[in-house]
Amino acid sequence: MSYNEALNGLTYDQAAHDDLPAVQAANVDGRRYQVTKADLSTLNIAPHFRGVSMAYIGTEDHPHLAAINPKFHFDDLDLDRLINVTIAREWSRAEGDPRRGILIMGDKGVGKTQYLRQRLARQGIPCAVISWRPEMDAVDLIYSKTLIGGDVSIEKGVLWLAAEGGYPVVIEEIDVARPAQLVALNEIIDTGTITIPETGEVINARRGFCVFANCNSSFTEDRHGGFAGTRSQNISVLDRFFKYTMEAPSDEAQAKFVKALYPDVSDEDAGRYGAFMGMLRKAASSDGSGVSLQGSVHRVSLGFSRRNLIDWVDMTGSFAYLADQHISVPKYALGPIYTNVLPANEKATVEHLFDLAFGVTQ
């Protein structure tokens, strides 16, 4: 699905520009795209979502506009509402009001980054994504320096480019940062003001720039001890974000997800996929609680995300011909997707969970 196809259902309200001076200005300041208010009710964004928000026009070829995945399933209404409010706020806030993005917390594999990217892509909003590494400094997100023939060349980084372009940034794994480095970004997150010490240049971000972030821990602490390398961060940084915890979907939600993407899968099999995901989620829980089977607790060290689920169902379809050889195709397809990297005892646990979910009898 192209960007234009995704926006075909939007209803634009050009007259609304008179009520939004910032939007009006954005359309005449040389920006390569325009901004308008749009009715999002016709997009594939969460059941029952209704609302008017901002959409960007003319960003089809923008390098930071995510490609739309037509299979992506929006099923977190609370997050959709918060994204909508956050983007609309950026375009209607008073000039002196602070910018605000969203910090999305949640276990690995629940789809934190992809949800944001796909949600924004359907509004034509570019979104630069960068993963924080433990050895990174705050300046690495802003610019880099290269020595060329005795002269220092300054290359713009993700934050600089997004600030000039007026579009959001997502910082992945923000909780692995050294706390002092993250605090150094407070001014940029809050006001969009970037100062380059070497040149004295000051960049004032355009409307539309805001910083989103995600992390696996609870940001100020790792409550379960299951996220190696994360650090407790300064509360002053946390205060500069709206906060959201993205929970793992319920078994029923996973079943609906499978049915939405694969209508040919029977209701019974969709329920089995959902039940398996639920049991595996407990076995791979970051708090180490595991899943109880026949009086003993079993754990696995590797989680199973929706990305894995999609690959699994796809591969099950590709291997469908093996059913004629009396092979359990879903169990067989789990190998290249997941179990082939597990130690023998964990693989046995996963296969036992599969048997329970899919009603396999020995």
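Compute the accessible area per residue over the range 91-186, keeping the other protein chains in place, probe 1.4 Å, unit Å². List each step's numbers first, then the result.
Values: 3590 Å² over 96 residues.
About 37 Å² of surface per residue is accessible.
Sequence gap at least 6, Cα distance under 8 Å: using those rules, report the relative contact order of the range 103-174 to the nearest whole percent. Display every interim value, and only then the final one.
On the way: 74 pairs, mean separation 24.9, N = 72.
Dividing the mean separation by the residue count of the range 103-174 yields 35 percent.
In whole Hz and in residue order, list the ³J(HN,Hα) couplings for the range 75-92 that follow from phi through the Karplus curve 6.51 cos²θ - 1.76 cosθ + 1.60, θ = phi - 60°; x for Gly and Pro.
Once θ is set to phi - 60°, the couplings for the range 75-92 become 9, 10, 4, 5, 5, 4, 4, 5, 4, 4, 5, 5, 5, 5, 4, 4, 8, 10 Hz.
Mean separation of Cα pairs under 8 Å and 6+ residues apart, divided by the residue count of the chain: what relative contact order is that in percent? Please report the intermediate quantities before stating the final value.
Numbers: 608 pairs, mean separation 50.8, N = 362.
So the answer I get is 14 percent.
Full-extension gain between Q294 and V52, please, as 0.36 nm times their residue separation minus the C-alpha to C-alpha distance.
Numbers: separation 242, 0.36 × 242 = 87.12 nm, distance 5.19 nm.
Between Q294 and V52, full extension yields an extra 81.9 nm.
Please count, across the chain, the pairs of lysine residues with Cα atoms under 18 Å apart that sit 8 or more places apart or on different chains.
Here the count comes out as 9.
Out of S301, F212, S144, whose Cα points farthest toward the positive end of the dipole of the chain (charges: +1 Lys, Arg; -1 Asp, Glu; placed on Cβ)?
Value: S301.
Where does each of 181-193, 273-285 land if you order them by average Cβ count within 10 Å, highest first? Provide the component values of the computation, followed by the final result.
Numbers: 181-193: 17.8, 273-285: 21.8.
Result, highest mean first: 273-285, 181-193.
Considering the dipole of the chain built from charges on the beta carbon (Lys and Arg +1, Asp and Glu -1) around the Cα centre, which of V237, A184, Y273 is farthest to its positive end?
Positive-most Cα among the choices belongs to Y273.
Amide H to amide H, which residues 5 or more places from G290 or on other chains are under 5 Å from it, using H placed in the peptide plane?
Sorted by chain and number, the residues that satisfy this are S285.
Can you work out ³J(HN,Hα) from phi for every residue in the range 321-326, in order, using Karplus 6.51 cos²θ - 1.76 cosθ + 1.60 and θ = phi - 60°, giving whole Hz and x for Gly and Pro?
5, 6, 4, 5, 9, 6
Could you state the accessible area per residue of the range 301-362 in Å², with a 1.4 Å probe and every protein chain left in place? Can you show the working numbers first?
Working: 3380 Å² over 62 residues.
On a per-residue basis, the range 301-362 sits at 55 Å².
Please give the net charge around A184, taking every other residue with its beta carbon less than 13 angstrom from that of A184, where Lys and Arg add +1 and Asp and Glu add -1.
Values: positive: R178, R240; negative: D137, D140, E187, D190.
It works out to a net charge of -2.
Could you grab the relative contact order for the range 229-339? Cα pairs under 8 Å, six or more apart, rounded to a whole percent. Don't jump to the answer; show the numbers that get you there.
Numbers: 81 pairs, mean separation 15.6, N = 111.
With pairs under 8 Å counted, the relative contact order is 14 percent.
How big is the charge dipole of the chain about its Cα centre, in debye rounded to the nearest 20, if each Lys and Arg gets +1 on its Cβ and each Asp and Glu gets -1 on its Cβ?
Numbers: 35 positive and 46 negative charges, 53 e Å.
Computed charge dipole of the chain: roughly 260 debye.
Got a sec? What order do Y262, Y167, Y332 fall in by accessible area at 1.4 Å, biggest, i.e. largest, first? List each step's numbers first, then the result.
Working: Y262 35, Y167 10, Y332 115 Å².
From most accessible down to least: Y332, Y262, Y167.
Keeping all protein chains in the complex and leaving out DNA, RNA and ligands, what accessible area do you get for I337 with a 1.4 Å probe, in Å² to the nearest 10?
About 40 Å², ignoring ligands and nucleic acids.
Kindly write out, for the range 307-314 in residue order, the coupling ³J(HN,Hα) from the Karplus curve 6.51 cos²θ - 1.76 cosθ + 1.60 (θ = phi - 60°), rounded to whole Hz, with x marking Gly and Pro.
Result, ordered by residue: 4, 5, 4, 4, 4, 5, 5, 4 Hz.
Report the extension gain between D97 and L238 in nm, rounded to one decimal, defined as 0.36 nm multiplied by the number of residues separating them, less their alpha carbon distance. Numbers along the way, then the final one.
Working: separation 141, 0.36 × 141 = 50.76 nm, distance 1.71 nm.
Between D97 and L238, full extension yields 49.1 nm more.
Which order do the peptides 97-107, 349-359 take when ranked by the mean count of other beta-carbon atoms within 10 Å per residue, highest first? Intermediate values should be presented prior to the final figure.
Numbers: 97-107: 19.9, 349-359: 17.9.
Put in order of decreasing packing, that is 97-107, 349-359.
At a Förster radius of 22 Å, what calculated FRET efficiency corresponds to the Cβ-Cβ distance of V152 and Q181, to the nearest 0.05? Don't skip to the end; give the middle numbers.
Numbers: r = 22 Å, r/R0 = 1.00.
Calculated value: 0.50.
How far apart, in nm, are the 7 Å Cα→Cβ label points at F358 and E268?
Result: 1.4 nm between the two label points.
Given points 7 Å out from each Cα along the Cα-Cβ axis, report the S318 to V139 separation in nanometres with one decimal.
Taking the simple label geometry, S318 and V139 are separated by 4.6 nm.
How large, in percent, is the carbon and sulfur part of the accessible surface of the chain at a probe radius of 1.4 Å?
Details: 8460 of 17010 Å².
Of the solvent-accessible surface of the chain, carbon and sulfur hold 50 percent.
The values are calculated or read from the model by the stated rules, or taken from the named source; none is laboratory data. None of the values given here were measured: they were computed from a predicted structure. Note that we place each Cβ from the backbone using ideal geometry, even for glycine, and neighbour counts take in every protein chain shown. Note: accessible area is taken over every heavy atom of the protein model, side chains too, but ligands, DNA and RNA are not part of it. Shrake-Rupley method; radii C 1.70, N 1.55, O 1.52, S 1.80 Å.
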